[in-house]
1. Give me the pairs: first residue in region A:53-64 and in a loop (DSSP other than H, G, I, E, B), second residue open to solvent by less than 80 Å² (accessible area, probe 1.4 Å), beta-carbon distance under 6 Å, and six or more apart or on different chains, which are they?
2. Among what's in region A:32-46 and is within 12 Å of A:ASN73 (Cα to Cα) and of a type in the set (A, V, I, L, M), pick the residue that is farthest from the other protein chains (Cβ to nearest Cβ).
3. Do you know which residues across region B:22-38 are free of Cβ contacts under 8 Å to residues at least 24 places away in the same chain and either facing chain A (nearest Cβ under 7 Å) or open to solvent by less than 30 Å² (accessible area, probe 1.4 Å) (or both)?
4. For region A:64-77, indicate whether the set of residues that are out of contact with any Gly (no Cβ under 7 Å at 6 or more places or on another chain), within 11 Å of chain B (Cβ to nearest Cβ) and modelled with pLDDT under 90 is non-empty.
5. Quick check on A:ILE10: is it touching a Phe, Trp or Tyr at 6+ places or on another chain (Cβ under 8 Å) and closer than 26 Å to B:ILE44 by Cβ?
6. So which residues in region A:19-31 are within 10 Å of chain B (Cβ to nearest Cβ) and either in contact with an Asp or Glu (Cβ under 6 Å, 6 or more places away or on another chain) or loosely packed, with under 15 Cβ neighbours inside 10 Å (or both)?
7. Give all pairs with beta carbons closer than 7 Å in which a residue from region A:103-117 that is in contact (Cβ under 8 Å) with a residue 12 or more places away in the chain meets a residue that is open to solvent by 50 Å² or more (accessible area, probe 1.4 Å); count only pairs at least 6 apart in sequence or on separate chains.
8. In region B:55-74, is there at least one residue being charged (D, E, K, R), within 11 Å of chain A (Cβ to nearest Cβ) and in contact (Cβ under 8 Å) with a residue 60 or more places away in the chain?
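The values are calculated or read from the model by the stated rules, or taken from the named source; none is laboratory data. Owing to the predicted nature of the structure, the values given are computational and were not obtained by experimental measurement. Cβ coordinates were reconstructed from backbone atoms using ideal geometry, including for glycine residues, and neighbour counts include every protein chain displayed. Heads up: the accessible areas ignore ligands, DNA and RNA and are worked out on the full protein's heavy atoms, side chains in. Shrake-Rupley method; radii C 1.70, N 1.55, O 1.52, S 1.80 Å.
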Amino acid sequence: MVLAVTLCLIWIIVNLFILLPKRLSREENLFLFLTCSITIMLSLLLPAKRMYFGDPGFNYSIEGTLAFLFNRNIIFPVLTLISINLVQDKGLWKKLITFSASFCVFILFCKLEEKHTIVSSINTVTLFIYFICFYTLMLVLLKGFQLLSQKQQSSDQ
Amino acid sequence: MIPKGTVFNSNELFILITGVTAYTAMLLLPKRFNRQQTITMLLIGAFISTFFDNTVCINPFNYYNVNDTPFTDFWDMLSFVMFGPFAYFFIYFYVVIRKNRTTYFFYITIWALISMIAEALAWHVGVYHYKNGYQLFFSLPIYLIVLTATMVYYHYFIQKECIKIKD
């Protein structure tokens, strides 16, 4: 059941990413996908320790593990891509709405499917701090990546 | 971050030497890509390593341990970074060589074999500890898939960019 739901979610989110207008170039989107995937995988090392290394009190199935892997490597990174593409829109209100909506989706997703997203129970305040740090890090890294291109263009000229 | 009982021995030395050599070679080679492309290639290498070590190493698969502990430690992270330049070299030499319709097939095969030899060496010095019946040969399809994915990146991001510049 959980795997079927996750696969449907993947289909919806990937199609949403395809349909929504993209403010970032292909290179920037790929860069963002790779950096946020690596960050998410490393961030989950501690909360998902029970699943990774086997905990006698923690029941997991192949189906559950696959759902977790799909969440970790497809749903979270693609949601980040969608959010960061939308936050590039001009206008403070648009940015604020996008940020708030992304935060709500992130918290809801982590709380509703806790066992297959963050594995351990984490309180909302910690999740909120993590989300702010993660989002800021992605925006800073993206800005740095964009500056690299601008510097290259100015040095070429 | 180094856990108790972990000493600096052959596997840590292997990671350090390979990493330093690879990054030095990358910096010494004549530049063929812009900075964004170089960073993306390094990230592709690091992503592939992080992804497989955090997927094949965990339950229910649990096919191998990286370095001295089953947990991810400082040296595991360093090994993820160490893999970065290999994606760069893979694309760099493919750009350099003369190509025809079948080149990519032989090129990927040769790189997969080189990767197997490198993994055998890493296993020998203790970077990888196979478990639950895993054998070196099982890594071959993973290398073939990963190298093909990197080739797809080359076709869509490097080659098309070169064609655009020429036009």
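1. Close Cβ pairs satisfying both conditions: A:GLY54/B:ASN59; A:TYR60/A:MET51.
2. Once the filter is applied, the top-ranked residue is A:ILE40.
3. The answer is B:ASN34, B:ARG35, B:GLN36.
4. Checked against the condition, which is being out of contact with any Gly (no Cβ under 7 Å at 6 or more places or on another chain), within 11 Å of chain B (Cβ to nearest Cβ) and modelled with pLDDT under 90, region A:64-77 yields at least one hit.
5. yes
6. Just the residues of region A:19-31 that are within 10 Å of chain B (Cβ to nearest Cβ), to begin with: A:25-28, A:30-31.
Those that are within 10 Å of chain B (Cβ to nearest Cβ) and either in contact with an Asp or Glu (Cβ under 6 Å, 6 or more places away or on another chain) or loosely packed, with under 15 Cβ neighbours inside 10 Å (or both): A:SER25, A:ARG26.
7. Here the result reads A:ILE107/A:THR124, each pair linking region A:103-117 to a residue that is open to solvent by 50 Å² or more (accessible area, probe 1.4 Å).
8. Looking for residues that are charged (D, E, K, R), within 11 Å of chain A (Cβ to nearest Cβ) and in contact (Cβ under 8 Å) with a residue 60 or more places away in the chain, one finds at least one in region B:55-74, hence yes.
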